[in-house]
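The block underneath contains the structure these notes are about, expressed in structure tokens.
The values are calculated or read from the model by the stated rules, or taken from the named source; none is laboratory data. In this text, all values refer to a predicted model and were calculated from it rather than measured experimentally. All Cβ positions, even for glycine, are placed from backbone atoms using ideal geometry, and neighbour counts span all protein chains on display. Remember, those area values only see protein heavy atoms, side chains included, never the ligands or the DNA or RNA. Shrake-Rupley method; radii C 1.70, N 1.55, O 1.52, S 1.80 Å.
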Amino acid sequence: MLPNSGWRVVTPEVTVTGSGSVVLKCDDLTWTLTAGTYRLTDMTLPHGNTALRYSGSGRVSITYREAVL
């Protein structure tokens with residue numbers, strides 16, 4: 001689960017490291033990613049929790065800002 005306790009919808013930055021590929025699933029969307037950094041504009045995190053599933057042989061890091069002060 002990816003929490004967003006802010007009131008703004010955010011688009012996370014996804015970084016994949018390692019060899020091979022990673023499959024990410026969020027709601028009804030699916031992405032197959034290789035090593036690199038991505039801003040997936042279709043992947044949005046509204047207020048609350050968003051389920052994210054992943055599989056594959058790489059490491060995934062997800063970065064986002066919940067609120068802007």
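Here is how the numbers come out for the structure above:
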quantity	calculated
Residue in region 11-20 that is open to solvent by 80 Å² or more (accessible area, probe 1.4 Å) and assigned to a strand (DSSP E or B) present	no
Matching residues, region 1-25, being within 11 Å of the chain's Cα centre (by Cα), within 17 Å of Glu66 (Cβ to Cβ) and not hydroxyl-bearing (Ser, Thr, Tyr)	Met1, Leu2, Val10, Pro12, Glu13, Val14
Any pair with Cβ under 6 angstrom, 6 or more apart, that starts in region 1-29 at a residue that is in contact (Cβ under 8 Å) with a residue 60 or more places away in the chain and over 16 Å from Ser61 (Cβ atoms) and ends at one that is among the charged types (D, E, K, R) and part of a loop (DSSP other than H, G, I, E, B)	Asn4/Glu66; Ser5/Glu66; Gly6/Glu66
Test result for Leu33, under 10 Å from the mean Cα position of the chain (by Cα) and open to solvent by less than 50 Å² (accessible area, probe 1.4 Å)	no
Residue identified as open to solvent by 60 Å² or more (accessible area, probe 1.4 Å) and in contact with a Leu (Cβ under 6 Å, 6 or more places away or on another chain) among Asp42, Asp27	Asp42
Residue match in region 49-59 (condition: aliphatic (A, V, I, L, M), outside any loop (DSSP other than H, G, I, E, B) and either in contact with a Phe, Trp or Tyr (Cβ under 8 Å, 6 or more places away or on another chain) or open to solvent by 60 Å² or more (accessible area, probe 1.4 Å) (or both))	no
Residue identified as among the polar types (S, T, N, Q), free of Cβ contacts under 8 Å to residues at least 40 places away in the same chain and outside any loop (DSSP other than H, G, I, E, B) among Thr41, Thr32	Thr32
Boolean, Gly6 is of a type outside the set (Ser, Thr, Tyr), open to solvent by less than 80 Å² (accessible area, probe 1.4 Å), on the phi > 0 side of the Ramachandran plot and in a loop (DSSP other than H, G, I, E, B)	no
